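What follows draws every value from the coordinates through simple rules; no lab data is involved. Just so it is clear, the model here is predicted, and its values are computed rather than measured. Counting neighbours? That spans all protein chains shown, and the Cβs are built from the backbone with ideal geometry, glycine included.
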Amino acid sequence: MTAEFMQPDLMPALPEMVMLAMTCLVLVVDLFLPQEKRGFTLLLSIATLALAIAAVIAVAPVTAVSSFGGSFVLDQLAVVLKIATCGVTILVFVYSRDYLADNDMYKGEYYVLGLFATLGMMIMISAHSFLLIYLGLELLSLALYAMIAFNRNSPSASEAAMKYFVLGAMASGLLLYGISIFYGITGTLDLNQLSAAVNSQLSQHPIALGFALTFIVVGLCFKLGAVPFHMWLPDVYQGAPTSVTLFIGTAPKIAGFAMAIRLLVDGLGDLQVDWSQMLTVLAIASMALGNIIAIAQTNFKRMLAYSTISHVGFILLGLLSTTANGYASAMFYTITYTLTAAVAFGVLLVLNRKGCEAENIGDLSGLNDSNPWYAALLAIAMFSMAGVPPTVGFYAKLTVLQAVIQVDLLGLAVVAVLFSVIGLFYYLRVIKVMYFDKPAAEQTTTIKEALDVKVLLSANSLSLILLGVFPSSLMAYCILAFS
Amino acid sequence: MYADWPLLSLVVWTPIFGGILVLLAGDKEPSGARKIALVVSIVTFLLTLPLYSQFNTETHLMQFVERQDWIAAFNIEYYLGIDGISMPLILLTSFTTVIVVISAWDVIQYRASQYFAAFLIMEGFMIGTFSALDSILFYIFFEAMLIPMFLVIGIWGGVNRIYATLKFFLYTFIGSVLMLVALIYMYTQSGSFAIFDFHHLKLNLTEQVLIFLAFLVAFAVKVPMWPVHTWLPDAHVEAPTGGSVILAAIMLKIGGYGFLRFSLPITPDASAELDWLIITMSLTAVVYIGFVALVQRDMKKLIAYSSIAHMGFVTLGFFIVFRIMNSGYGDQGAALALEGGMVQMVSHGFISGAMFLCVGVMYDRMHSRQIADYGGVANTMPVFAAFMVFFAMANAGLPGTSGFVGEFMVILASFKASFWIAFLAALTLILGAAYTLWMIKRVIFGEVANDNVAALSDINKREFLFLALLALAVLGLGLWPDPLVEVMHPTIDNLLNHIANPKI
């Protein structure tokens with residue numbers, strides 16, 4: 001048998017290739033730019049992301065296509081998630097510009113790293129073999145480690161980066177261990193073949209498969225930040241520069257969701273009874289711990305970290321119902337959550353100014369007096385996170401609950417809504433501080449903000465209401481991705 | 001001429017967009033925001049009038065129906081319509097909002113545009129709640145109205161406002177999330193979120209009891225019923241006058257409306273099974289809370305407790321119907337009880353609103369709500385005293401005022417169920433008179449108590465206007481309640497037919 005080299009179809013990977021080429025271009029061009037022309041790097045980075053979105057739309061297939069010997073797929077799910085990832089990253093780049101400039105971090109490397117991270121996420125989203133998933137994940141993680149430590153004069157940032165690196169490496173190790181056991185049993189890394197092999201081997205090696213699955217779930221939940229694998233999240237959120245927190249808190253959630261779908265649903269669908277039980281425990285623990293500990297936080301970034309943990313619990317709730325409806329609802333939840341988190345951190349970034357780092361909840365006091373517009377934008381985000389209609393957060397919770405109740409997990413739904421009542425308290429506290437408290441004397445200066453940031457942030461925040469009132473179109477894409 | 005107009009949508013969205021307009025107008029021009037607010041509230045009120053004049057009193061079917069697909073994936077519709085029980089409440093809402101705007105005219109100086117906008121947006125949400133026939137649409141309006149109220153109490157409230165407003169929001173939210181679970185459960189059974197599909201959905205007794213309890217938590221908190229009433233006195237005391245008025249006059253009614261629209265028709269068997277629970281809670285509210293009201297020192301707190309007692313009548317009237325039907329008096333008596341409850345809701349809307357406005361008028365002058373700080377107000381504010389005494393009489397249930405009609409109908413109906421229930425309910429006539437009139441005696445009558453009271457000036461034209469409007473409404477409904485009863489009659493009859501048939 002002669003091995004024949006097959007030229008893979010490169011078209012499905014066009015967006016990734018555009019991304020890679022452009023990122024290298026940004027890296028080189030930035031070398032020759034003086035500091036005052038740094039804006040060009042930003043512009044080029046945004047153009048890169050916009051081009052990537054255009055490429056995704058251009059190559060979007062009607063039915064799923066795969067390439068590179070089946071290890072790379074481009075389906076409806078990948079199209080929607082890639083557009084969302086690139087779109088959110090554009091928001092991140094625009095929101096963080098002034099913050100970076102004020103804190104001596106306005107450098108080309110920031111954008112290059114961000115773009116590489118985005119490339120890693122896009123690969124994770126399309127990956128359909130263990131190997132590619134791992135490569136994408138590591139590309140993302142390595143870029144993030146460097147971004148967190150970007151402000152090298154800040155001890156807390158270095159600490160956060162260290163912590164993230166050590167725990168992230170451990171999580172990768174666990175994931176790899178799980179993958180190696182699966183490889184040992186099935187002899188394949190490709191998710192389609194894996195799925196078939198697991199099906200046939202299930203009766204022979206139930207314990208080994210369950211063992212391997214456990215490691216995969218643990219690795220996955222480390223990356224998502226589900227309890228009890230959440231330890232890194234609050235420290236990293238708090239320690240990292242706010243612009244990086246904004247990035248970590250948004251786009252990688254989408255990639256993490258894609259990874260969960262690829263691994264658990266596409267690859268290990270036959271073990272769904274097992275992983276759905278594991279996720280049940282993790283989801284309840286995440287919602288409980290996230291919501292309760294968030295109440296005690298005074299640091300806004302740390303509070304949002306715990307809030308993220310509780311939202312991850314809700315996303316897992318959608319996954320564990322193991323129906324197409326449930327996956328679609330989890331997808332809707334993930335995308336809209338990243339939009340909401342972008343507003344919350346975005347407003348925080350705008351409030352951050354040279355010399356006065358706004359990161360405690362108390363720093364927001366009297367925002368309605370000094371800046372009613374930003375107070376309103378943040379209030380919308382808080383109500384959306386709490387799931388109060390007419391914001392999109394309500395609709396996202398509704399779809400997840402609907403999926404859970406559909407499979408007769410009524411008790412789980414009641415637990416979920418009760419924890420979201422607890423969650424409501426700390427979101428309301430932020431609104432209370434902004435609207436009911438009087439501003440501290442030195443904070444009365446109004447914010448001088450760039451017009452583009454204001455427009456984009458406003459559109460971002462108002463979209464939370466718009467999507468809450470008209471969720472149909474986005475929901476239709478999510479349902480299509482799993483039909 | 002109105003036949004083709006999407007009248008209900010207009011009534012819902014005019015105040016919401018008007019509110020946004022007021023918000024945009026801002027506070028740079030002090031009178032600009034409130035003028036727009038007044039115009040918007042009056043336009044909305046005028047728009048609700050055809051709902052009454054064009055209303056067909058012959059049918060129990062939904063009228064002014066608008067139905068459109070909204071979220072196709074879950075079969076959620078934009079589905080509006082009104083019948084005899086929602087129409088009077090919508091009119092009450094639009095009327096009260098006009099009063100609130102007038103009453104806040106130059107009292108509110110701090111961020112006036114946000115204040116008026118909050119009330120207009122809230123009006124839209126409340127009308128939406130009353131006219132929504134899709135349960136998710138209902139839920140969205142139901143929850144969304146908490147946001148403006150939360151801000152109103154928190155920004156313009158009294159000293160302890162933050163505690164009060166957080167308690168208000170959390171209490172109502174915890175009640176409603178369980179209702180959401182119940183709604184989704186029924187959706188998975190019926191494949192639709194339309195309320196009428198729920199009405200005809202077959203449910204076994206266990207399901208019904210659980211759903212009934214979920215609704216009970218949601219609506220009992222809203223009404224509020226004893227023992228989940230504790231948020232109300234706090235919220236009322238701390239809220240600005242307008243907030244108290246809306247809270248008492250309309251928000252509490254949403255709980256009562258929910259019982260009629262959801263609990264009774266969706267879970268009739270569970271309601272019959274558990275009616276003892278509601279009756280006990282209602283009678284406790286009437287008697288025990290009546291005594292609690294007696295010992296209050298703060299006028300707003302006293303009226304708040306009196307609201308709880310009066311709302312006890314409403315829930316009593318709604319849930320005593322099963323006993324009346326079983327006792328052999330037939331539907332006649334049951335209809336009397338339901339209609340009595342409805343009349344009581346509308347009447348309480350006028351009276352409690354008026355009482356809170358009266359306290360507001362005094363508070364604006366004296367900055368105190370303590371009964372002990374007053375005395376002999378009649379000497380310095382004779383016109384005002386006349387109004388306040390009139391509303392107090394109505395609150396105590398004096399015949400000829402609207403307060404009498406509802407209470408009388410419910411007590412009369414209760415006699416057909418059980419003498420002792422009627423006896424306990426009738427105690428309110430004594431207790432209500434006691435706590436209201438005692439307060440009047442201490443505040444209005446007697447010698448002028450101190451220099452502050454001596455310096456009071458009587459009400460101005462604006463204050464006269466809104467008190468007179470409310471007095472007319474109270475008197476009109478008291479002397480001639482027929483138009484109101486007639487409107488709701490076919491709906492109530494249909495509801496009774498529906499709940500008389502077991503669903504299991």
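In straight-distance terms, cross-link reach from A:Lys82 covers every one of the lysines whose alpha-carbon lies under 18 Å from its own, apart from those fewer than eight places away in the same chain; here that gives A:Lys253.
Loop-located trypsin sites (Lys or Arg not before Pro) in the range B:1-96 (DSSP state not H, G, I, E or B) with no more than 16 neighbouring Cβ atoms inside 10 Å: B:Lys28. By how many degrees, 0 to 90 and rounded to 10, does the Cα axis of helix B:419-443 deviate from the longest principal axis of chain B? It is inclined by approximately 20 degrees. Under the criterion of Cα pairs below 8 Å and six or more residues apart, the relative contact order for the range A:323-397 equals 32 percent. For the range B:67-109, the C-alpha radius of gyration divided by 2.2 N^0.38 Å, with N the number of residues, is 1.86. For chain A, the longest principal axis of the C-alpha atoms and the axis of helix A:472-481 are separated by about 30°.
Spherically averaged projected area of the convex hull of Cα atoms, the range B:1-91: 7.7 nm².
Contact order, relative form, for the range B:339-475: 42 percent (alpha carbon pairs under 8 Å, 6 or more residues apart, mean separation divided by residue count). Peptide B:16-25 shows a mean partner chain C-beta count of 0 within 10 Å per residue C-beta. Would you please state the base-10 log of I(q)/I(0) at q = 0.18, 0.22, 0.26 1/Å for the range B:97-147, with intensities from the Debye formula using one equal scatterer on every alpha carbon? Once normalised to I(0) and log-transformed, intensities are -0.60, -0.76, -0.90. Over chain B, the pair-distance histogram of Cα-Cα distances with 20 Å bins from zero comes to 25, 59, 16, 0 percent, rounded to whole numbers. Computed over the alpha-carbon atoms, the range A:186-293 gives an Rg to Rh ratio of 1.05, Rh here being the Kirkwood radius from the mean inverse distance. The GluC sites (Glu not before Pro) of the range B:419-501 meeting both criteria, a DSSP state outside H, G, I, E and B (loop) and at most 16 other C-beta atoms within 10 angstrom of the site's C-beta, are B:Glu447. Here the average projected area of the convex hull drawn through the C-alpha atoms of the range A:245-291 stands at 3.8 nm².
Counted by neighbouring Cβ atoms within 10 Å, the residues B:Val346, A:Val94 run from fewest to most as A:Val94, B:Val346.
Across chain A, the mean sequence separation of Cα contacts (distance under 8 Å, 6 or more residues apart), normalised by length, yields a relative contact order of 14 percent. Per-residue ellipticity at 222 nm, computed for chain B from helices alone with -39500 (n - 2.57) per DSSP H run of at least four residues, works out to -24000 deg cm²/dmol. The alpha carbon centroids of the range B:82-122 and the range A:120-144 are separated by 55 Å. In summary, the lysines within cross-link reach of B:Lys167, defined as a Cα separation below 27 angstrom excluding same-chain residues under 8 places away, comprise A:Lys301, A:Lys397, A:Lys432, A:Lys438, B:Lys222, B:Lys253, B:Lys300, B:Lys301.
Spatially, the range B:204-270 and the range A:163-210 are offset by 52 Å when compared through their Cα centroids.
Shielding of peptide B:156-168 by partners, expressed as the average count of other chain Cβ atoms within 10 Å per residue Cβ, is 2. Counting only aspartates and glutamates at least 8 places from B:Lys35 when in the same chain, those with an alpha carbon closer than 14 Å to its own are B:Asp27, B:Asp106.
Per the Debye formula with a single identical scatterer at each Cα and no solvent contribution, what log10 I(q)/I(0) holds for the range A:289-337 at q = 0.21, 0.22, 0.26, 0.29 Å⁻¹? Normalising to I(0) and taking log10 leaves -0.68, -0.71, -0.84, -0.93. In plain terms, the residue of B:Met393, A:Met6 with the fewest other Cβ atoms within 10 Å comes first and the most crowded comes last, giving A:Met6, B:Met393. Exposure proxy shown here: for B:Tyr110, A:Tyr110, A:Tyr164, the number of other Cβ atoms within 10 Å sets the order, fewest to most, as B:Tyr110, A:Tyr164, A:Tyr110.
On C-alpha positions alone, give me the angle between the axis of helix A:324-351 and the longest principal axis of chain A, in degrees, nearest 10. Approximately 30 degrees, to the nearest 10.
In this label model, A:Val65 and B:Leu427 are separated by 8.0 nm, measuring between points 7 Å along each Cα→Cβ vector.
I need the Debye-formula profile for the range A:223-263: one equal scatterer per C-alpha, no solvent, reported as log10 I(q)/I(0) at q = 0.31 1/Å, two decimals. Reported log10 I(q)/I(0), two decimals: -1.06. The range B:460-482 and the range A:78-116 have Cα centres separated by 62 Å.
Here the alpha carbons of the range B:87-228 define both size measures, Rg and Dmax, at 17.4, 56 Å.
D by Stokes-Einstein for chain A, Kirkwood Rh over Cα pairs, 10 °C, 1.306 mPa s: 70 µm²/s. Shape summary of the protein assembly as shown, radius of gyration then Dmax from alpha carbon positions: 30.8, 115 Å.
Sort all Cα-Cα distances of the range B:379-452 into consecutive 10 angstrom bins from zero, then give the percent of pairs in each bin up to the one containing the longest distance. Answer for the range B:379-452: a P(r) of 18, 39, 24, 13, 5, 0 percent.
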